[in-house]
Amino acid sequence: MKYFPLLLLVLLGCRETPRVDYEAQKSASFPTAAIAGPHPLATQTGLEILRRGGNAIDAAVAMQLTMAVVFPRAGNIGGGGFLVYRPAQGEPVTLDYREIAPAAAGRDMYLDSLGDVTDGLSTRGHLAVGVPGTVAGIVAMHERFGSLPWAELVQPAIDFARDGYRLSESEIGRLKRYHADFAEFNESTPFSDSSMVAGTQVQQPDLAATLTRIQAEGHAGFYEGETADLIVAEMESGGGLITREDLRNYEAKWKAPITKDYRDYRLISMPPSSSGGIALAQMVEMVEPYPLDDYGFQSVRSVQVIAEAMRRAYADRAEYLGDADFYPVPVDSLLSDDYLKARMSDFRWDSAGTSDNIAAGQVAMKENFETTHISIVDSLGNAVSITTTLNGNFGSKVMVDGGGFFLNNEMDDFSAKPGVPNMFGLVGKEANAIQPGKRMLSSMTPTIVEKDGNLFMVLGAPGGSTIITAVLQTFLNVAEYGMTLPEAVDAPRFHHQWLPDEILYEKDALGGGVLDSLQELGYTFREVNSMAVIKAVQVLPDGSLQAAADPRNPDDDVEGY
Ligand code: DON
């Protein structure tokens, strides 16, 4: 008996290390309020805020800060994002807290002496970083629409940073892939220890201190004082451009949403500096005359019509879209019914269209990208759709020394040179050329859908250029093909972005000979592992809320009550 405690210890030691303190659930329906997000610790934080009487904006603020701690590859305070908000009462609005080019940036900053784009300069390291917008964004949304005290919403993130959270198996695998990158740009990070295993508790004391400054001082806790000093020191140490003045000048901007009617539905989405709202609106308008439900889900006809609408929308994106404060984006023309009808007039059933390859783009898809989206409906019916990002996994891979947070590599979303594809294979021209203070064009498409004037769906996704087409297909899967929301989110997808002239498809998409038939018509295909990762909430006819997270990301999770 006297050996019992020893035996117990040995047995406990042999037991598998507890991995993580959470489990993700992919779909559920809730009577009152629902959240879909990228990580259970973030969605549970949001749920706790809602239960405490916070509204959807309060939950969104707490979740974004929590994601910056427990989902550091994409959750952020060193990046930017977009909010689409539909209050239960009043008009929908959007908030643009996208990063901007520093004052010292210039249109040719990534070109060498021969005028060619220098590989990697806009994607890795200090020169890739745009002036972050996230903290300005969450402070602004809280000031205008929040209800709980600010400090209360920041606290969960501080707790996770100070006390730590357990790393999952897949996070460990991912971190290992990035250790060399972290070492290239940082002396050390909390994630650089190669002895970490699944279940390791990782603490981030520098980040806890930064968050505490943000808790105490709000906007100024990031854009002024010690945090600003740390960012500027980091920039100076690595040849980056961001100055104290760049930080002081940063402002999030409230904007009217892009809206488009489609049958009984109204889509409400993000205006420039996102391309998402305009491209989504163009695509639904272009497909609306065709009876997609009669054609059937991913039938030859459905795929053809949708792919041709995608091709045309992305061609317009490349030519006309950029930050509307710097370039006269012809929004009304691009969205006019006549223009969009004419746009499909050269569509033929008997052969594939062409993208007139002026510059062969190449979809890189080399890196496993990550961004993050949250969809929330609270008990009052307020709806929040937010997509926020560092761009690549861990952004530029530069962590602010002493600040404890990764900085974005969003500068790559500008067009470094006309016609030269960025890391998503997207091309652009003058509209999206680099200028000081300008926002780089995004594909993030946080969206809210009404049906007959009532809240119907909240959705969005990470996935770079494939976000817009994933939002389109998820919506059409419900509205045209009669799927439930979880079915619509799970369904395999395809994607065309004008250049390169090919249709990307997920393994199980386009089965039953559809792919062969389309190849015969002249379409080119490329299989990819997976594309965008949707998180969505739908209001069901009885008023309950169906939430769906995407099986494409194991940590995607829904919560509610
Ligand atoms: O704003 C954009 O369009 C990109 N920076 C988004 C990046 C992204 O979604 C990465 N992926 N999953």
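No lab work stands behind these numbers, since they all come straight from the coordinates. Since we're looking at a predicted model, the values are computed, not measured. Using ideal geometry, Cβ is built from the backbone for each residue, glycine included, and neighbour counts are taken over all protein chains shown.
A few comments on the model shown:
- In the chain, a dipole from Cβ-located charges (positive for Lys and Arg, negative for Asp and Glu) runs towards its positive end, and of Leu335, Met270, Val287 it is Met270 whose Cα lies farthest in that direction.
- Residues in the stretch 50-60 carry Karplus couplings, in order, of 4, 5, 6, x, x, 9, 4, 5, 4, 4, 5 Hz; the curve used is 6.51 cos²θ - 1.76 cosθ + 1.60 with θ = phi - 60°, and Gly or Pro positions show x.
- Sorted into 10 angstrom bins from 0, the C-alpha pair distances of the stretch 475-515 split as 26, 46, 26, 2 percent.
- Percent antiparallel among DSSP beta bridges (both partners in the chain, rounded to 5): 95
- The calculated pair-distance distribution of the stretch 174-246 uses every alpha carbon pair, bins of 5 angstrom beginning at 0, and gives 3, 14, 19, 18, 19, 15, 10, 3, 0 percent.
- Among 505-517, 53-65, 232-244, sorting by the average number of other beta carbon atoms lying within 10 angstrom of each residue, highest first, gives 53-65, 232-244, 505-517.
- Mean Cβ count within 10 Å, highest first, over the residues of peptides 125-132, 157-164: 125-132, 157-164
- Kirkwood Rh and Cα Rg combined as Rg over Rh, evaluated for the stretch 312-451: 1.02
- Å³ per residue enclosed by the Cα convex hull of the chain: 157
- Each peptide among 288-299, 313-324 gets the average number of other Cβ atoms lying within 10 Å of its residues, and from highest to lowest they stand as 313-324, 288-299.
- Among residues other than Thr227 with Cβ under 13 Å from its Cβ, the summed charge is -4 (Lys and Arg +1, Asp and Glu -1).
- Between 0 and 90°, nearest 10: helix 205-217 axis offset from the chain longest Cα axis: 70
- When the convex hull of its Cα atoms is viewed from all sides, the stretch 429-561 shows a mean projected area of 11.3 nm².
- Environment charge at Glu48 (Cβ cut-off 12 Å; Lys +1, Arg +1, Asp -1, Glu -1): -2
- Both the radius of gyration and Dmax for the stretch 214-350 are 21.4, 64 Å, in that order, over alpha-carbon atoms.
- Spherically averaged projected area of the stretch 447-491 from its Cα convex hull (nm²): 3.1
- Within the same chain, lysines fewer than 8 places from Lys438 are excluded, and of the rest, those with a Cα less than 22 Å from its Cα are Lys253, Lys255, Lys417, Lys429.
- Around Gly130: net Lys/Arg minus Asp/Glu count, Cβ-Cβ under 11 Å: -2
- The reciprocal of the average 1/r between distinct C-alpha atoms defines the Kirkwood hydrodynamic radius, which for the stretch 50-200 equals 18.0 Å.
- Percent of Cα-Cα distances greater than 17 Å, calculated over the stretch 14-80: 48
- The ratio of the alpha-carbon radius of gyration of the stretch 476-542 to the globular-protein estimate 2.2 N^0.38 Å is 1.29.
- For the stretch 372-447, the square roots a ≥ b ≥ c of the C-alpha gyration tensor eigenvalues yield an a/c of 1.5 or more together with a/b not exceeding b/c, which makes the shape oblate.
- The alpha-carbon atoms of the stretch 278-336, seen along their principal axes, cover 43, 17, 11 angstrom, with the largest extent given first.
- Computed from phi, the 3J(HN,Hα) profile of the stretch 85-93 under the Karplus parametrisation 6.51, -1.76, 1.60 (θ = phi - 60°) reads 10, 10, x, 4, 10, x, 7, x, 9 Hz, with x in place of Gly and Pro.
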